[in-house]
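Trainee: Questions regarding the structure given below will be posed in turn.
Read the figures in this text as sums done on the coordinates, not as results from a lab. Please read all numbers here as calculations on a predicted model, not as lab measurements. Cβ placement follows ideal geometry from the backbone for every residue including glycine, while neighbour counts extend to all protein chains displayed.
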Amino acid sequence: MRQLLPTTSDAVNLLQIYGAPRARHSSGRPSIGLCMVMSIDGSTVVEGRSTLLSNPSDHDVLIALRSAADTIVVGAGTIREQMYEAPSKKGLRVGIVTRTGKMDLNTNLFKSGAGFLIMPEDTKAPETDLKLDIVRAGKGSVDLPAAMSQLPGSFIQLEGGALLNASMFAANLVDEINLTISPMVTGADSPRLANGAPPLHSDYEVAHILEDAGFMFIRYLRKN
C-alpha cells in the first residue's frame, strides 16, 4: 500500500488515515461516511457479491473505518446478499434499513444483539423472541434524516446497497465517500454506486489517494 496524494509515501498507517475520530455534523446528527468498492466500469457487485471485487487491503480499509464508527447502516437487501456477521469491534452495532421489516432474525448478527432495525413508524414489527431494538422514523418509508438523527455517537458507516446509497445522497446525508476502485471490468448490468438517485449536484473534494496492486483507495469529503 502506498500513498499518492496529498503526498507520496510508501509507509501507510490505515488506522491513522481512516480511523481518526469524526465530529458530529453541524446539524446535530452523526457524520456519515459511505464505504464501497466498485469496478472500473462502476459495478458494485459481481455475481451478487461485493467480495469478488475486493482484495486484502480493501478489507483492511473497511476494518480501519469501522474502528472509527459507532454504527454501521446498511440496506436489508445487502444484509441478505452479503450475510453480515456481528462486527468484531466491541459495541459496534448494525442498523438495517427496511421498509417492510421482513428479515431473517435467526442469524448471529441479531442473536448477538449487534443488529437492529430502522423502520417506518407504521410498519409492523417482526415477531421474535429476541430482544430487538427498532428505530422508527417516517410513514410508508423510512425518513432517513430523522432516523439518522436518532442514532448515537459521532460517526455512521454507510455500507450500501445502491438503492440505500441513492436515498442517502438524495437526502444530503453523505459527508464522506471512501471508495475502492477494483482493477476489473465486469461488463454486467449490475448495481452502481447509487441506483435510482434523482438528479444531484453534490460536490466533493479528494482528501487522499492510496494504491495497492492496482486497487485505488480514494477518500472524498463533502464541500461545505
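Trainee: Whole-Å semi-axes of the chain's equivalent ellipsoid, largest first, each the root of 5 times a Cα gyration tensor eigenvalue?
Mentor: 28, 19, 18
Trainee: Pairs of lysine in the chain with Cα under 21 Å and at least 8 positions apart or on different chains: total?
Mentor: 11
Trainee: Determine Rg/Rh for the range 41-84; Rg is computed over alpha-carbon atoms and Rh is the Kirkwood hydrodynamic estimate from the same atoms.
Mentor: A ratio of 0.98.
Trainee: Next question, about the same structure. What three numbers, in Å, describe the spread of the alpha carbons of the range 49-119 along their principal axes, ordered from the longest?
Mentor: Here the spans come out as 35, 26, 18 Å, largest first.
Trainee: Assuming R0 = 25 Å, what is the FRET efficiency of Lys111 and Thr51, from their Cβ-Cβ distance, to the nearest 0.05?
Mentor: In this case the efficiency is close to 0.65.
Trainee: In whole Å, largest first, what are the principal axis extents of the Cα atoms in the range 114-188?
Mentor: So the extents along the principal axes, rounded to whole Å, are 44, 26, 25.
Trainee: Output the direction-averaged projected area (hull surface divided by four) of the convex hull of the alpha-carbon atoms of the range 166-224, in nm².
Mentor: 4.8
Trainee: Here is a further query. Under a plain spin-label model, where a point goes 7 Å from the Cα along Cα-to-Cβ, how far apart in nm are Tyr204 and Arg80?
Mentor: For the pair Tyr204/Arg80, the computed spacing is 2.7 nm.
Trainee: Round to a whole angstrom and tell me the spacing of the C-alpha centers of the range 164-224 and the range 52-68.
Mentor: 15
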